[in-house]
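Heads up: the structure comes next, in structure tokens.
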Amino acid sequence: MRLKDRELSLEATMDIVKKGIFGTLAISEIEGYAYSVPLNYVVIDDVLYFHCAKQGKKLGGILEHPNVSFSVVTLSNVKESDFTTEYESAILFGKAYRVEKHSEIMAALKALIAKYSPNYIGEGDVYIEKFIQATAVVGIKIDALTGKSND
């Protein structure tokens, strides 16, 4: 990292990833282009999880090119008069995989419900059961993590 004074510790970087509301998944070479897509996610231990359709560009790209990156920004405040921006951001790198184990799928989906709909856990369980046959879960085993802050 060029500006070492803005580099965050691994713990502070993981805190950014965990508190983020959405992140952007970057996959290489889908139809000749880099592909990035914003999505909701959750982190359990050292794996980032998200759900998607069982077929499509995102899952197909991951299966073809599993080395991915994922970025999260939790603070962005332009300071016009200082010609700068306050920010907190993290980028993680890892190998993505389609989750096959039912217990891991359920843990990820329940964690997503707990993160995004904490007041609707019971309803979330019903929702999961209703749509689980049409849902794929992807995990990204985190291999490396970097974070920056200018606050």
Using alpha carbons only, how many angstrom separate the centre of region 79-151 from the centre of region 25-71? 11 Å
Scan the chain and note any complete DSSP helix (H) whose C-alpha atoms cover at least 30 Å along its axis and whose Kyte-Doolittle average is 1.0 or more. none
Charged-residue dipole, Cβ positions (Lys, Arg, Asp, Glu), region 10-151 about Cα centre, Debye nearest 20: 440 debye
Using a Gaussian network for the chain with springs between C-alpha atoms less than 10 Å apart, which of these wobbles most: 39, 59, 92? 39
If Lys and Arg each add +1 and Asp and Glu each add -1, what is the summed charge of the other residues whose beta carbon sits under 13 Å from the beta carbon of residue 143? +1
Mind giving me the nanometre distance, one decimal, between the label points for residue 64 and residue 127, set 7 Å out from Cα along Cα→Cβ? 3.1 nm
On the first, second and third principal axes, largest extent first, how far apart are the outermost C-alpha atoms of the chain in Å? 51, 41, 26
So, R0 is 35 Å and r is the distance between the beta-carbons of residue 12 and residue 37; what FRET efficiency does that work out to, to 0.05? 0.85
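Since every read-out is calculated from the coordinates, none of them should be taken as a lab result. Note that the structure is a prediction, hence the values are computed from the model and not measured. Don't worry about glycine lacking a Cβ; one is built from the backbone with ideal geometry, like all the others, and counts go over all protein chains shown.
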